[in-house]
Structures are given as structure tokens and as C-alpha cells.
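All remarks here apply to the structure that follows.
The values are calculated or read from the model by the stated rules, or taken from the named source; none is laboratory data. Everything numeric in this text was worked out from a predicted model, so none of it was measured. All Cβ positions, glycine included, derive from the backbone under ideal geometry; neighbour counts span all protein chains shown.
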Amino acid sequence: MRIGKFVAMIATFGVLGAIPTRAQLVDSAKSVQDTTPTKADSASGKKEVPAKADLRAMGTVDGPVSLKADLSSRTLTVLGSNGAIKTFNVAVGSPNYPTPTGTYTIRKIVWNPAWVPPPDAKWAKKETAKGPGEPGNPMKVAKIFFKEPDYYIHGTGQINSLGEAESHGCLRMHPDEVAELAQFLMQNGGQAQEEGWFSRVIHMRAKTHTVILSQPITLVVSR
């Protein structure tokens, strides 16, 4: 348990109060977790997004699931039938390489993706292709396509870019968070798998796995 959470629990129950039960400790930990901000850097003006429960613990939810990317706030929100479920900080396209707006359909998720430099992109002229899991591969953990073949949500090693407009048009996420999102989309896109499947895939970094959703997910990208 993190020290900060332990301190928060002490503040909740009081140093001299009754010893909390296990159930009270669990409820208090959840309360602390739900109010803890993400990795946003408030000093640089990045938007702080409240952390919520891990999507993977939710499994399949009732009603349709969709995504909304707000390029102005540089956030990606998971929506359910009752509204927002969770919001992530993301990096969006730079002014020279803007993320396209519109309504898109997510059908394909690639785990442990390889990376091939775009053949017509000037910025990639000196880059070389990288296999899954190779050093220098900018695609981390998963690619979630929304406008094939050039635009997708993907994990990034450049986590300092999250909350900024620094990508070449794609939506970048923290590697742990893109894994969380990809698993949730599979669970709610007709391709549910048991927990061990995801663990095996993620640890087989040198092997790519492509998943086609039988129930595609809608993504709306707006400014």
C-alpha cells in the first residue's frame, strides 16, 4: 500500500478512533484512488484528469460503449449508457500534423505492433522499420485503429507528451492505459477473453496479435 493512501486512511478513521474493519479499509482505499489525479503536470498547464476504477475490472458493461476524443482538452473519454466511465490524458496531433476530426469506427486492435515509417512522410525519411518490442519502436503495447491505415490510438514511450499536441496525428496514451483501454474494448466489442490471454499476449512482446471486433466501437473526435 502506498504511504499516501495509508495516511489518507488514518485521516479518515482518526488516530485514536476505533480500528477500521477490512471492509472499511477497502472502501477508504477506493475513495482515495478515485480522487487521485493522473500524471498531468499542472505546472505546465496540462489538464488534470481524475483517476477512476481500472476499466479491466468492469468487464462487459450494459449498453453500448463509445469513445470521445476532445482535441482541445487533449483527453479521451470512454462512454457508456449512463455517461462518462473514464477519461485519459492523451497527446494529439501537432499543428503541422493535426488529428482528423469526425466520427469513426474502431474495428481493429493490434497488440505488440510493429512500426513501419510512413513512406510519404518527410519527418520519417531517416527512420527505419522496427519489429514488435524492438528498441526504438514508437508503438508501445497496442494500436487501436480508427482511420486506417494512418490514424490510431497507441501506447507511447514519450509519456511527457501526454496532454500536449505533439504527435503526427495519432492519439498517444500511456502504455499501461492503452492496454487497459484495448482490453476493455475487446470485452465490449464482441471479443472477450479471459485474463490470462491478455497477460500472455503482452508478455510475448516479439509476436504481434491482431484482433477484429465483431461489435465495432464508435469514436468521435472533436475540437
Identify all residues within the range 102-155 that are at positive phi, in contact (Cβ under 8 Å) with a residue 24 or more places away in the chain and not β-branched (Val, Ile, Thr); write none if there are none.
GLY102, ASN112, GLY133
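Can you tell me how many residues in the range 182-206 are more than 21 Å from ASP54 (Cα to Cα) and either at pLDDT 95 or above or surrounded by fewer than 12 Cβ atoms within 10 Å (Cβ to Cβ) (or both)? It would help to see each step written out before you state the result.
Going residue by residue through the range 182-206, those that are more than 21 Å from ASP54 (Cα to Cα) are 204-206.
When the remaining residues are screened for being either at pLDDT 95 or above or surrounded by fewer than 12 Cβ atoms within 10 Å (Cβ to Cβ) (or both), the result is 206.
Residues meeting the conditions: 1.
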Enumeration of residues in the range 107-133 that are modelled with pLDDT of 90 or more and surrounded by 14 or more Cβ atoms within 10 Å (Cβ to Cβ):
ARG107, LYS108, ILE109, VAL110, TRP111, ASN112, PRO113, ALA114, TRP115, LYS130, GLY131, PRO132
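Counting just the residues of the range 207-220 that are of a type in the set (A, V, I, L, M) and within 19 Å of ALA69 (Cβ to Cβ), which one comes out surrounded by the fewest Cβ atoms within 10 Å (Cβ to Cβ)?
The extreme case among them is VAL220.
Do we have any residue at all in the range 172-188 that's part of a loop (DSSP other than H, G, I, E, B), under 17 Å from PRO113 (Cα atoms) and assigned by TED's automatic domain parsing to the domain that holds VAL61? Break it down stepwise before answering.
Looking only at the range 172-188, we keep the residues that are part of a loop (DSSP other than H, G, I, E, B), and these are 174.
If we keep only those that are under 17 Å from PRO113 (Cα atoms) too, we end up with 174.
From what's left, assigned by TED's automatic domain parsing to the domain that holds VAL61: 174.
Yes, the range 172-188 contains at least one residue that is part of a loop (DSSP other than H, G, I, E, B), under 17 Å from PRO113 (Cα atoms) and assigned by TED's automatic domain parsing to the domain that holds VAL61.
Restricting attention to the range 85-94, does a residue exist that is within 22 Å of GLU166 (Cα to Cα), touching a Lys or Arg at 6+ places or on another chain (Cβ under 7 Å), modelled with pLDDT of 95 or more and not β-branched (Val, Ile, Thr)?
As a first pass, look at the range 85-94 and keep what is within 22 Å of GLU166 (Cα to Cα): 87-94.
Add one more test, that the residue is touching a Lys or Arg at 6+ places or on another chain (Cβ under 7 Å), and what stays is 89-92.
If we keep only those that are modelled with pLDDT of 95 or more as well, we get 89-92.
From what's left, not β-branched (Val, Ile, Thr): 89, 91.
Looking for residues that are within 22 Å of GLU166 (Cα to Cα), touching a Lys or Arg at 6+ places or on another chain (Cβ under 7 Å), modelled with pLDDT of 95 or more and not β-branched (Val, Ile, Thr), one finds at least one in the range 85-94, hence yes.
Looking only at the range 165-181, count how many residues are surrounded by 14 or more Cβ atoms within 10 Å (Cβ to Cβ) and within 15 Å of the chain's Cα centre (by Cα). Before the answer, list the steps.
Here is the first cut: in the range 165-181, the ones surrounded by 14 or more Cβ atoms within 10 Å (Cβ to Cβ) are 165-175, 177-181.
Filter again for within 15 Å of the chain's Cα centre (by Cα), leaving 170-175, 177-181.
Residues flagged as surrounded by 14 or more Cβ atoms within 10 Å (Cβ to Cβ) and within 15 Å of the chain's Cα centre (by Cα) within the range 165-181 amount to 11.
Given TYR104, TYR97, which one is of a type in the set (Phe, Trp, Tyr) and under 19 Å from the mean Cα position of the chain (by Cα)?
Values: TYR97 fails: under 19 Å from the mean Cα position of the chain (by Cα).
When all the criteria are applied, what remains is TYR104.
Hey, could you check the range 134-164 for residues that are among the charged types (D, E, K, R) and surrounded by fewer than 22 Cβ atoms within 10 Å (Cβ to Cβ) and say which is nearest to the chain's Cα centre (by Cα)? So that I can check it myself, show each step before the final result.
At the first step, the residues of the range 134-164 found to be among the charged types (D, E, K, R) are 134, 140, 143, 147-148, 150, 164.
Now drop any that are not surrounded by fewer than 22 Cβ atoms within 10 Å (Cβ to Cβ), which leaves 134, 147-148, 150, 164.
Values: GLU134: 21, LYS147: 17, GLU148: 19, ASP150: 19, GLU164: 15 Å.
Across the range 134-164, the extreme among qualifying residues is GLU164.
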Collect the residues in the range 132-166 that are in contact with a helix residue (DSSP H, G or I) (Cβ under 7 Å, 6 or more places away or on another chain) and not β-branched (Val, Ile, Thr), keeping them in residue-number order.
LYS140, ALA142, HIS154, GLY155
